[in-house]
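The values are calculated or read from the model by the stated rules, or taken from the named source; none is laboratory data. Being a predicted model, the structure only gives us computed values, none of them experimental. Neighbour counts run over all protein chains shown; Cβ positions are idealised from the backbone, glycine included. What goes into the accessible areas is simple: the full protein's heavy atoms, side chains included, and nothing from ligands, DNA or RNA. Shrake-Rupley method; radii C 1.70, N 1.55, O 1.52, S 1.80 Å.
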Amino acid sequence: MKYTDSHEWIEQSEHVATVGVTEFAQKELGDIVYVELPKVGKTLRAGEAAAVLESTKAAADVYAPASGTILEVNPALAQTPELVNQSPEAQGWLFKIKLSNPLELDKLLDLNAYRNKVTH
C-alpha cells in the first residue's frame, strides 16, 4: 500500500489498483454522509479530483493517486457511506483504477513516511 500527501491510499495488484482514504482522513472529516464516486470509464491523471466525500463537517475532494481509467466503484457506498468511517482501508474503498503508468506509484509515500507526515 502507498499513500499520498492528501491522505489517499492505493494498493496495486497487477495493473489494477484500489483507492480509498486513510484512517487519518476519515477521522479528520468526521461522519461521512454521502460519497460521490467517479464514473466507470473516466480517465484521470495523477492528482486530479476523482471523488467527493461529504461529512457532517465538510465536503472534501479525493484525488487520484495515479493516472488511469476507472474500472469499478464501490457499490456499497451508495447505501452505506459510513463504511468509509468504519473501514477506510478495507470495505470502505472508493474505486478501482487501471493504471496507465504504474511507475507513478514509486513517487508516493510508504507507510512509515506517511505515518511520519501525520504524526508531526
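Does the stretch 46-55 contain at least one residue that is outside any loop (DSSP other than H, G, I, E, B), small (Gly, Ala, Ser) and within 14 Å of residue 17 (Cβ to Cβ)? Steps first, please.
Taking the stretch 46-55 as the starting set, the residues that turn out to be outside any loop (DSSP other than H, G, I, E, B) are 49-55.
Imposing the further condition that a residue be small (Gly, Ala, Ser) reduces the set to 49-51, 55.
Filter again for within 14 Å of residue 17 (Cβ to Cβ), leaving 50.
Within the stretch 46-55, one or more residues are outside any loop (DSSP other than H, G, I, E, B), small (Gly, Ala, Ser) and within 14 Å of residue 17 (Cβ to Cβ).
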With the first residue restricted to the stretch 91-120 and required to be within 18 Å of residue 71 (Cβ to Cβ) and in a strand (DSSP E or B), and the second required to be among the hydrophobic types (A, V, I, L, M, F, W, C) and open to solvent by 60 Å² or more (accessible area, probe 1.4 Å), Cβ contacts under 7 Å at 6 or more apart or on different chains are 96/71; 97/71; 98/71
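Residue-wise test of (1) of a type in the set (Ser, Thr, Tyr); (2) open to solvent by less than 70 Å² (accessible area, probe 1.4 Å); (3) modelled with pLDDT under 95.
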position: 44; (1), (2), (3): no, yes, no
position: 49; (1), (2), (3): no, yes, no
position: 57; (1), (2), (3): no, no, yes
position: 61; (1), (2), (3): no, no, no
position: 71; (1), (2), (3): no, no, no
position: 93; (1), (2), (3): no, yes, no
position: 97; (1), (2), (3): no, yes, no
Among the residues of the stretch 33-42, the number that are of a type outside the set (A, V, I, L, M) and either buried (at least 21 other Cβ atoms within 10 Å of the Cβ) or over 16 Å from residue 83 (Cα atoms) (or both) is 4
